[in-house]
Every structure is written in structure tokens, then in C-alpha cells.
1. If you look for lysine pairs in the stretch 66-205 that are eight or more places apart or on different chains, how many of them have Cα atoms under 26 Å apart?
2. Ordered by residue, what ³J(HN,Hα) values in Hz, to whole numbers, does the stretch 356-364 give under the Karplus form 6.51 cos²θ - 1.76 cosθ + 1.60, where θ = phi - 60° and Gly and Pro are x?
3. In units of 2.2 N^0.38 Å, what is the alpha-carbon radius of gyration of the stretch 198-286?
4. Under 5 Å between amide hydrogens, which residues at least 5 positions from residue 292 or on another chain qualify, with H placed 1.01 Å from N in the peptide plane?
5. If I model a spin label at residue 127 and residue 312 as a point 7 Å from the Cα along the Cα→Cβ vector, what separation in nanometres do I get?
6. Non-local amide H neighbours of residue 137 (under 5 Å, H modeled in plane, Pro and chain starts lacking H): which ones?
7. How big is Rg to Rh over the stretch 261-382, alpha-carbon atoms, Rh as the Kirkwood inverse-mean-distance radius?
8. What Kirkwood Rh does the stretch 1-94 have if only Cα atoms enter the pairwise 1/r average? Answer in Å.
Amino acid sequence: QVVNYAPFTLLPSTVPRVLFEQAYAVQQDFNLLVDAISQNKEFLEKTLASTIKVDDFTARLFRIYTQVLEEGLAQTVFLGINRSDYMFDCGLDGTAALRQIEINTIAASFGGLTSRTADVHRLVLKVLGKTEEASRLLPNNPAKGLASGIAKAWELYGSQRAVVMFLVEDVQRNIFDQRCVENELWNRNIRVVRKRFRDVFEQGSLDASRRLFIAEQTFCVFFFSHGVVAPLLPQNWEARLLLERSRAVKCPDIATQLAGTKKVQQELSRPGTLEKLLPGHPEAIARIRATFAGLYSLDEGEEGDRIAATAIADPDRFVLKPQREGGGNNLYGEELREVLEKIKDSPERTSYILMDKIKPQPALNYLLRAHSPLQMSECISELGIFGVYVRQGQELVLNQAAGHLLRTKAIEHADGGVAAGVAVLDTPYLV
């Protein structure tokens with residue numbers, strides 16, 4: 001009923017060229033890593049053992065994952081669309097380093113809207129008489145890149161009549177972002193429909209070869225724009241199980257969603273873990289490891305006790321991250337101390353991980369948000385790189401970086417993304 005413009009910065013924000021290029025160069029490595037984790041049942045089982053005891057959402061995902069594996073996978077084509085997010089950590093000597101915040105393997109959004117943002121900033125710079133600066137903004141079209149991955153999976157599924165489904169919420173605030181990707185698919189003559197978990201539950205069925213039908217249409221690819229946090233209704237879980245049991249290409253399949261959990265991210269930083277997951281890829285491992293911030297386990301035991309005590313004593317050094325996606329859930333400072341004090345002797349602490357707090361260099365900009373006063377703010381930015389890969393059986397047939405996203409927020413907001421109403425869309429101006 002109400003449409004607001006997507007929030008954005010008045011001006012593009014400066015980003016160090018060397019760090020921007022580093023983020024792009026490592027994206028194919030991260031695609032490879034996520035795919036390897038999704039195929040490694042032993043690693044997922046061991047890594048998530050403590051989390052599934054205390055986090056109901058992850059536990060339910062894991063139950064579906066094991067049930068589908070026991071039954072035998074019907075799916076043969078696998079599509080990954082992820083977004084690896086970074087901040088620029090400013091050292092004591094003033095040099096900046098690229099530090100990964102997280103990797104999103106489900107509902108990696110804003111590929112559509114950010115495909116339009118550079119044009120907005122190009123226009124603003126021209127209006128200001130800065131035509132030379134306007135010409136230096138990079139072209140960026142993640143909508144096309146993401147659609148190319150979906151189209152490849154559709155093609156490998158092997159049915160011209162099969163339909164692509166965007167799984168959405170009842171009220172979808174971010175609809176225009178998704179429409180950009182949908183339109184790219186329609187331009188390739190690939191039919192797209194939007195459905196909710198409820199539609200899948202009420203109308204979905206599998207035939208003998210586990211093809212999925214909804215209202216007599218056969219579906220080949222599901223792109224999850226929803227299901228990031230707990231779909232609370234039992235029927236939503238039933239719908240998710242039906243999808244996972246089907247032959248259709250899920251983006252992500254449940255193993256890939258589990259690969260994107262915070263606990264997996266923390267485990268990857270342990271010495272030797274990357275070597276086990278990516279044997280024979282020493283260069284890729286070095287590029288991945290160079291982006292890691294300090295990540296610490298709060299599992300029960302001596303190590304977890306020591307880390308919890310350190311964070312309680314000096315909370316401003318750390319960020320406490322619960323096993324949730326979508327922005328706005330992290331804890332800082334006194335709030336971090338209070339929560340850790342409360343749960344330090346409880347198994348509940350294993351549903352969190354602890355991370356070094358990154359300290360970027362602020363810059364001035366104007367944030368344009370509906371119903372917000374216009375004022376100059378001190379801001380910090382977060383760079384996301386979209387990655388797309390497609391695997392058929394054991395063969396990786398597509399692996400690429402698919403564009404970038406820059407989000408900027410005022411420094412008084414410790415946490416929260418665009419969907420949380422805090423960050424706004426931006427364009428990198430490389431320096």
C-alpha cells in the first residue's frame with residue numbers, strides 16, 4: 001500500500017582500490033569453500049553439534065538435512081548465490097585492512113537495487129559539475145550476474161516448461177530489489193512466479209521421480225528471499241522439507257544454508273580447518289585467510305571460559321554474534337557484557353560466537369532516508385561481493401564474482417543493515 005524510495009547516500013563513498021580488488025579476487029575462493037562445506041556432512045555435524053543443542057532454528061534445519069540425506073538426494077544441480085561482506089579495519093598506523101564480517105548464503109539481497117545505484121551517483125556528480133569523477137564510477141550489475149546463475153541452473157535442470165520460484169514473505173518490503181533479478185530472467189524467456197511457504201504447503205506435491213508440482217506447474221529452481229530467520233509455523237517447516245526432498249534446485253539447499261552459519265564461520269578460522277576443506281588449494285586458502293578477523297568459540301570448556309572472561313573484562317574489543325541473519329542482532333559494549341555475564345555458565349552461550357570489533361575510519365556523507373531529517377553524518381561503510389556458482393554432480397560448471405554492494409551507516413548505529421532501517425545504499429569511489 002505504501003512505497004518509499006530505497007535509502008541511499010547523496011555522494012559515493014571512497015573505498016581503497018587495493019582492498020576492493022582483494023575482495024573481488026577472493027570471491028571465487030569463497031564460492032569454492034561454501035560448496036565444499038555443503039558437501040561435507042562430517043564437518044557440518046561436528047561443527048554444529050553444540051549449536052543445535054541450544055538453537056532451535058539451526059536444530060530444525062539440521063534435522064531436515066539429515067532426513068533428506070538418509071532418504072537420498074534427488075537434487076543433482078546445485079546453485080549457490082552468496083554475498084561476502086567486509087569492513088575496512090584501520091590499524092594504529094593508519095593503514096586499512098580488509099576484514100570479513102560474514103558470508104550470507106541465503107537471501108543475499110540488494111543485487112537488484114545496487115545495480116541502479118551507480119547511475120544515481122553518476123547523475124549527482126554531474127549535477128555538481130564533477131563529470132571527471134562521475135566517469136570514474138565502476139559499472140555494476142549484480143542483478144544480471146545473479147540471474148545468469150539461476151538461468152544456468154534452469155538450463156541444466158533440463159525442462160523448458162519448468163518455472164523458477166521466488167519464495168517470499170506475505171509482506172515483502174524489498175520487492176523491487178527482487179523484481180530486478182526477476183526481470184533479467186523474463187528477458188531470457190524464463191518464467192518466474194512468486195510463492196509463499198503457505199502456497200508450497202497447501203498446493204505442493206512430488207511425483208514418483210520427485211519433481212515438484214504446485215497448481216500443476218513444475219518447478220525447477222527456488223530462490224529463497226525468505227526463511228532467513230525461523231519460519232515459526234509448523235506448516236513452513238513442512239513446506240521446507242517438501243522442497244528439500246524434491247529434485248528442484250534450491251538456492252540455497254539446506255546444506256548450503258548451514259554452511260553460512262556463524263558457528264561455521266568461527267570454525268573456519270581455526271588453524272588447519274581450511275586445509276582439510278580445500279586440499280590442494282594453498283593459494284585460495286591464503287587469500288581466504290587474509291580476510292579473517294579474530295573469531296572465538298564460546299563452547300563449554302576451558303577455552304570458552306577464558307574467552308568469555310576476556311570479553312566481560314574488555315567488552316569494547318569484541319562483537320557478540322547470535323546465530324541469526326538479517327542485521328540488527330549483534331551485541332556491543334555494555335550490552336555484550338550484560339548478556340555474557342548472564343549466560344557465561346550456561347550452555348546458551350554456545351549459540352553465540354565472539355569476534356574482534358573492527359574499527360573503520362569514518363567519512364562524511366548525507367544519508368537520504370524517507371521521513372528522516374537531512375544532515376551531514378559521520379559514516380562507515382561495508383562492502384559486499386556477490387558470488388554465484390553452479391555444480392552439476394561433482395563438476396563445478398560456473399564460479400564467478402557477480403558484482404558488489406556498498407552499504408553505509410552513521411557511526412552512532414553499531415549494528416543493522418538496510419532492511420533493519422539503519423544502513424543505506426552507496427557506490428564505491430575507488431581511491
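None of the figures in this text is laboratory data; all of them are computed from the coordinates on show. Computed from a prediction, not measured in an experiment: that's the story for all the values here. So basically every Cβ, Gly included, is an ideal-geometry build from the backbone, and we count neighbours across all protein chains shown.
1. Count of close lysine pairs: 4.
2. Values per residue, Gly and Pro as x: 4, 7, 8, 10, x, 7, x, 9, 8 Hz.
3. 1.42
4. Those lying under 5 Å, H to H, from residue 292 are 100.
5. Going from the residue 127 label point to the residue 312 one covers 5.4 nm.
6. Counting only residues 5 or more places away or on other chains, the set is empty.
7. 1.06
8. Result for the stretch 1-94, one decimal place: 17.8 Å.
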